[in-house]
1. Counting only protein heavy atoms and a 1.4 Å probe, tell me what percentage of the chain's accessible area is made up of carbon and sulfur.
2. How much length is gained on full extension from Glu258 to Met318, taking 0.36 nm per residue of separation minus their Cα-Cα distance?
3. Taking a probe of 1.4 Å, how large is the accessible area per residue of the stretch 253-390, in Å²?
4. For the stretch 106-113, take each phi angle, set θ = phi - 60°, evaluate the Karplus expression 6.51 cos²θ - 1.76 cosθ + 1.60, and give the result in whole Hz per residue in order, putting x for glycine and proline.
5. If you take every DSSP beta bridge fully contained in the chain, what fraction is antiparallel? Give it as a percent rounded to 5.
6. Per 0.36 nm of contour for each residue apart, how much would the distance between Glu123 and Lys370 grow if the chain were fully extended, relative to their Cα-Cα spacing?
7. Grab the Cα-Cα distance for His266 and Ile281, subtract it from 0.36 nm times how many residues apart they are, and report the gain in nm with one decimal.
8. In whole Å, what three semi-axes, largest first, describe the equivalent ellipsoid of the stretch 21-248 built from its Cα gyration tensor (square root of 5 times each eigenvalue)?
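The values are calculated or read from the model by the stated rules, or taken from the named source; none is laboratory data. The structure presented is a predicted model; accordingly, all values stated were derived computationally and were not measured. All Cβ positions, glycine included, derive from the backbone under ideal geometry; neighbour counts span all protein chains shown. Calculation scope for accessible area: heavy atoms of the full protein, side chains included, ligands and nucleic acids excluded. Shrake-Rupley method; radii C 1.70, N 1.55, O 1.52, S 1.80 Å.
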Amino acid sequence: MKKIGDNPHYDRENVLVTSPLLPPLEEFIPYLEEIWQSKRLTNGGPFHQQLEKELADYLGVQHLSLFANGTLALMTAMQALRITGEVITTPYSFVATSHSLMWNGLTPVFADVDPANYNLTPEAIERAITPRTTAIMPVHCYGVPCDVERIQEIADTYGLKVIYDAAHAFGVKLNGESILNFGDMSVLSFHATKVFNTIEGGAIICPDAKTKKRIDYLKNFGFANETTVVATGINGKLNEVQAAFGLLQLKHIDVALEQRRELTTHYMKRLGKLEGIQTLIIPDEVEWNYSYFPILINEEVMAKRDDIYHALQKNGIMGRRYFYPLISQFAMYKEFASAAPSNLPVAQYLSSNVICLPLYPGLSSSEVNKIVDIIESFSRDITAVNESSSLGMTG
Ligand SMILES: *Cc1c(COP(=O)(O)O)cnc(C)c1O
């Protein structure tokens, strides 16, 4: 009989799209003992303060505020900057990007993305600006940086704020500089599925101490001190157990990133030249985090995306159609003028043609080979190669 506890992935038959990074349990116990001893469970305790500092150092940023999750961090970022009216954003993302705007009474305005890097194009952003626009919320999709310079130029020209949803961009650098240092604020997610996780968690990165102070008020109900409440804040605090978990994760993150790099190289070696499959293009000036392995399938050359997706599934491989449906296709958004498919042709195409393949530390190279074999079996070229080689054997 198979017991769930026998297996750290508790799903041995299936290869999932991701599997959370977990530190060795015995290394976590001393942290818990310290918490039990101090009885400090939350409210900016010592582990919380230490994790803010260590993460800022690790990431190469000045000011970082931890949050209970990335969505609360996104919502708080908009409050901290007093954003109103319309915010230009991408439909090719996780729903939380737009939902965080709606929870602030803001109107998301969807603009189209670039087929080369899946990110908002500066041209589409500029076209979407109206007198009600106050901010832009781009996503560094799959951890590949947006065109941060052009976006800043547009923001400066039109007097807009830029808040990056950097949920995929932990550790990413552009010309040696953290990608989190661009724009007015960047927001990370430390959800279990992300490259670096605190089970649930997130952070806002901002450029100055005054802004961090305001963010810290906002994430603690608006309390500036014991008796003064300066804003209608929320409870966005990360607790001590999860902060300690994060400190321990940080000790293992470089090994995890290296494993992701090796697996990505393996995928690239086998899929990089396959006709009808486009893999991510990482520019030379980018230090990437190997967060996802999306493949863009040309259905005219290969096969239908969903046929490949279901064939993988039949073999126990759970790829994910990130991001399908587009955010703009969900019921609460699809009547928006900017959600019209004709306004978002590239995002629509990507949404119908991308599969994210499994990628996480602990994925084996034989599993990668199995996944690629299944994908290759849809390739006409490979079929031709196989036929000729079997002819050669009989002849
Ligand atoms: C994961 C994710 C979020 C939400 O983060 P949570 O920590 O789960 O709240 C927001 N945006 C994007 C792009 C994400 O991938």
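1. That share works out to 54 percent.
2. 19.3 nm
3. That works out to 49 Å² per residue.
4. Result, rounded to whole Hz: 9, 9, x, 10, 7, 10, 7, 10.
5. Of those bridges, close to 60 percent are antiparallel.
6. Extra length available between Glu123 and Lys370 comes to 84.9 nm.
7. Extra length from His266 to Ile281 when fully extended: 3.9 nm.
8. Values for the stretch 21-248, descending: 31, 20, 14 Å.
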